[in-house]
Amino acid sequence: MSHCHTIVAELKKRGYRITPQREMIIEAIAHSSHHITVEEIVEQLRNHTSAINIATVYRTLELLWQEGFACRNDLSEGKSVYATYQHGPHIHLVCRKCHQVIDADSGSLRPLGKELETDHGFSADLDHFSLFGLCSDCKESVSFQDQKKSKEKE
């Protein structure tokens, strides 16, 4: 059974109705090779049918997220991207200056997860999320500019 059919079968088992539109949305996210936006899903599906609207896509993705089949991340500029958990655990390191996204291993966050659980009884979803900061190129650029400004003040 393919990944999207597994999700569909599990949703049915949980009592959700699977419309043709909902199934197409699940197929689009499950077969995407990258994190996908709502707009990309709508564009992709409109090539096959006019019976799709953006509200249905948002509701279906929200359902997939709430039921634990997909993750949702902000990768800058206020756009959320979605992927199924088959995509694998990783962290998105997002440069707030150039918007470059670097994928990193989420294993380094396990100690943080254990600490949050121990100290606060909170189970954090650390397998797939975004951290914002500066990439090495932008950090060097900022550092160089700071050095230049410091010399100008002297």
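Some points to look at:
- Using the Karplus relation 6.51 cos²θ - 1.76 cosθ + 1.60 with θ = phi - 60°, the per-residue 3J(HN,Hα) values for the range 45-53 come to 6, 5, 6, 10, 7, 9, 8, 9, 9 Hz, with x marking Gly and Pro.
- Antiparallel content of DSSP bridges confined to the chain, in %, to 5: 60 percent
- Identified option (computed Rg/Rh (Cα atoms, Kirkwood Rh); candidates [x] 0.94; [y] 1.11; [z] 1.40): [y]
- The ranking of Val142, Val81, Val101 from fewest to most other beta carbons within 10 Å of each one's beta carbon is Val142, Val101, Val81.
- You can think of it this way: the chain between Cys138 and His48 has 28.3 nm of extra reach, that is 0.36 nm per residue less the Cα-Cα gap.
- Ranking of Thr19, Thr60 by neighbouring Cβ atoms within 10 Å, starting from the fewest: Thr19, Thr60.
- Taking a ≥ b ≥ c as the square roots of the Cα gyration tensor eigenvalues, the range 1-87 comes out oblate, since a/c reaches at least 1.5 and a/b does not exceed b/c.
- Mean residue ellipticity at 222 nm, helices only, the chain: -15000 deg cm²/dmol; runs of at least 4 DSSP H residues each add -39,500 (n - 2.57), and the sum is divided by the number of residues.
- Lysine pair count for the chain with Cα-Cα distance under 24 Å and sequence separation of 8 or more or different chains is 10.
- Over the chain, relative contact order from alpha-carbon pairs under 8 Å, at least 6 apart, %: 17 percent
- Cβ crowding within 10 Å, taken as a proxy for footprinting-reagent exposure, orders Cys98, Cys138 from fewest neighbours to most as Cys98, Cys138.
Quick note: the coordinates plus some simple rules give every number you see, no bench work behind them. Every value quoted in this text rests on a predicted model; they were computed, and no experiment measured them. FYI the Cβ positions are ideal-geometry reconstructions off the backbone, even for glycines, and counts take in every protein chain you see.
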